[in-house]
Amino acid sequence: MRRPWLLAALGIAAFLLILAATLPASLLLRFAPPGFTATGFTGSVWRGSAESIAYREQPLGALRWDCQVLRLLTGRLAYGLTLERPDGRASLVAAAGIGGLLELTDVAAALPVAAFAGFVAPPGWNGAVEIDVRRASLQDGWPVSADGMAIVRSLRAPGERGLDIGSFEL
């Protein structure tokens, strides 16, 4: 008598597992912060890519992601993310858990300052940014800790007569 219920439960579990494994990549856009748009999805929520992503209508580049499924066993949802643009790239591992803590590890980027225009830099500035951060933590969207460095090279102010600021490391 118990066997039919056990088989039915296993069948339902297998169906739900297959359903979760094949969720389309475009579903991730529903969970993106307001202002993000993306096109050209391929793959699934577990491993896939978007041909083009933008934030507040500013193009960012192509994004690839890969869920680190084993980290789910620790109660954390973690993704390896890679952003590629014609003028540079950035990659990191982002892990989120209960409580609003977001941990970023292995953050590496080599991008022009113009890629940050409208986010952390005003438009018109020129130069190059290199980022190498082993670990950073954000609580409810605010930085809590970071271990790494950022280098800005050949920074130049906007305009024809823009002042050459030079290079610095943080």
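So for the chain, averaging the separation of alpha carbon pairs under 8 Å that are six or more residues apart and normalising by length, what relative contact order in percent results?
On the way: 353 pairs, mean separation 17.5, N = 170.
Normalised by residue count, the contact order of the chain is 10 percent.
Full extension from L23 to L101: what is 0.36 nm times the residue separation minus their Cα-Cα distance, to one decimal in nm?
On the way: separation 78, 0.36 × 78 = 28.08 nm, distance 2.54 nm.
Here the segment from L23 to L101 would lengthen by 25.5 nm.
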Per residue, how much space in cubic angstrom lies within the convex hull of the C-alpha atoms of the chain? 130 Å³
If you keep only loop residues by DSSP, which chymotrypsin sites (Phe, Trp or Tyr not before Pro) in region 61-138 have at most 15 other Cβ atoms within 10 Å of their Cβ? F119
Enter the angle in degrees (range 0 to 90, nearest 10) between the Cα long axis of helix 2-21 and the first principal axis of the Cα atoms of the chain, meaning the one along which they spread out most. 20 degrees
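Would you kindly state the longest site-free stretch of the chain, with sites defined as GluC sites (Glu not before Pro) in a DSSP loop (not H, G, I, E, B) surrounded by at most 14 other Cβ atoms within 10 Å? It would help to have the intermediate numbers written out before the result.
Details: sites that count: E57, E160.
For GluC sites (Glu not before Pro) (loop position, at most 14 other Cβ atoms within 10 Å), the longest site-free span of the chain is 58-159.
In deg cm²/dmol and to the nearest 500, what is the mean residue ellipticity at 222 nm of the chain if only DSSP H runs of at least 4 residues count, each as -39500 (n - 2.57), divided by the residue total?
Numbers: 1 runs with 20 residues, N = 170.
The helix contribution divided over the chain gives -4000 deg cm²/dmol.
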Listed residues T82, T42, T22; largest mean-square fluctuation, Gaussian network over the chain with Cα springs below 10 Å, found at T22
Heavy-atom accessible surface of the chain: percent carbon and sulfur, 1.4 Å: 65 percent
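The values are calculated or read from the model by the stated rules, or taken from the named source; none is laboratory data. Just so it is clear, the model here is predicted, and its values are computed rather than measured. Counting neighbours? That spans all protein chains shown, and the Cβs are built from the backbone with ideal geometry, glycine included. Surface accessibility is based on the protein's heavy atoms, side chains included, excluding ligands, DNA and RNA. Shrake-Rupley method; radii C 1.70, N 1.55, O 1.52, S 1.80 Å.
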